[in-house]
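The values are calculated or read from the model by the stated rules, or taken from the named source; none is laboratory data. No experiment lies behind these values; they were computed from the predicted model shown. Here Cβ is always computed from backbone atoms with ideal geometry, including for glycine, and neighbour counts include all displayed protein chains. In case anyone asks, the SASA skips ligands and DNA or RNA and just uses the protein heavy atoms, side chains included. Shrake-Rupley method; radii C 1.70, N 1.55, O 1.52, S 1.80 Å.
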Amino acid sequence: MLEAVVSAPILAAPSVKVSPELQHEVEQFLYLEAAMLDERHFREWLDLIADDVTYTLDTNTLAQARDRRRGLRPPTTYIFHEDKYQLERRIARLETGIAWSEEPASRTRHFVSNVRILSVEGDEIELSCNYMVHRASKARDHHTFIGTRRDRLRRAAAAGGWQIFGRALELDEFTLTSANISILL
């Protein structure tokens, strides 16, 4: 029997008590970010990204029951592991109008749910949330990416009052059915 191996289990109960105001502020920031991506305001979105960001998507793996009992985990690799410079290059490529995977441009809808603040240290927070991104391109090219992620935010003068300095995404699917991930998750 195969079972998913998750990178870092998140307990059901949050590790820190947060005020309803902070919870609301963080959720509003995540909704603003989703709207910027859906409306293709990529340069404004980059202002939400800290210069020292780490933006990753790992592969997902399956493990046999016998291996899980022994504590063995299959190796994982990155689908992408980017910094701010690489994110800027991705956006510059999309802006050329000749990125074949985005011609015509995809329409996306980003959904964020189950936002839980895991830690607060000064002006930095770590949160976990679930996400779903639907991508529609061309007549029959529709894909939905569903998963969980951990974000690290820092207070900043950027729109929404925060900047993302860490994002670790994990997809629920084990085999990518999309020909590419040319959009920003």
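When segment 27-40 is examined, which residues are found to be modelled with pLDDT of 95 or more and either open to solvent by 80 Å² or more (accessible area, probe 1.4 Å) or more than 15 Å from the chain's Cα centre (by Cα) (or both)?
If the condition is that a residue be modelled with pLDDT of 95 or more and either open to solvent by 80 Å² or more (accessible area, probe 1.4 Å) or more than 15 Å from the chain's Cα centre (by Cα) (or both), then Gln28, Tyr31, Glu39 are the ones that fit.
When the residues of segment 90-127 are narrowed to those that are of a type in the set (S, T, N, Q) and surrounded by 18 or more Cβ atoms within 10 Å (Cβ to Cβ), which ends up farthest from Ala157 (Cα to Cα)?
The selected residue is Ser106.
Pairs, please: C-beta under 8 Å, at least 6 apart or cross-chain, first residue in contact (Cβ under 8 Å) with a residue 40 or more places away in the chain and under 14 Å from Ala158 (Cβ atoms) and in segment 21-33, second part of a helix (DSSP H, G or I) and of a type outside the set (Asp, Glu)?
Listed by first residue and then by second, the contacts come to Glu25/Gly161; Gln28/Gly160; Phe29/Gly160; Phe29/Gly161; Leu32/Ala159; Leu32/Gly160; Glu33/Trp45; Glu33/Gly160.
Could you list, ordered by first residue, the pairs with Cβ atoms under 9 Å in which the first is in segment 138-153 and under 18 Å from Glu27 (Cα atoms) and among the hydrophobic types (A, V, I, L, M, F, W, C) and the second is open to solvent by 40 Å² or more (accessible area, probe 1.4 Å) and assigned to a strand (DSSP E or B), at least 6 apart or interchain?
Cβ pairs passing all conditions: Leu153/Glu124; Leu153/Glu126; Leu153/Gln163.
Being acidic (Asp, Glu) and over 15 Å from the mean Cα position of the chain (by Cα) is the filter here, so list the residues in segment 113-147 that pass it.
Glu121, Asp123, Glu124, Asp141
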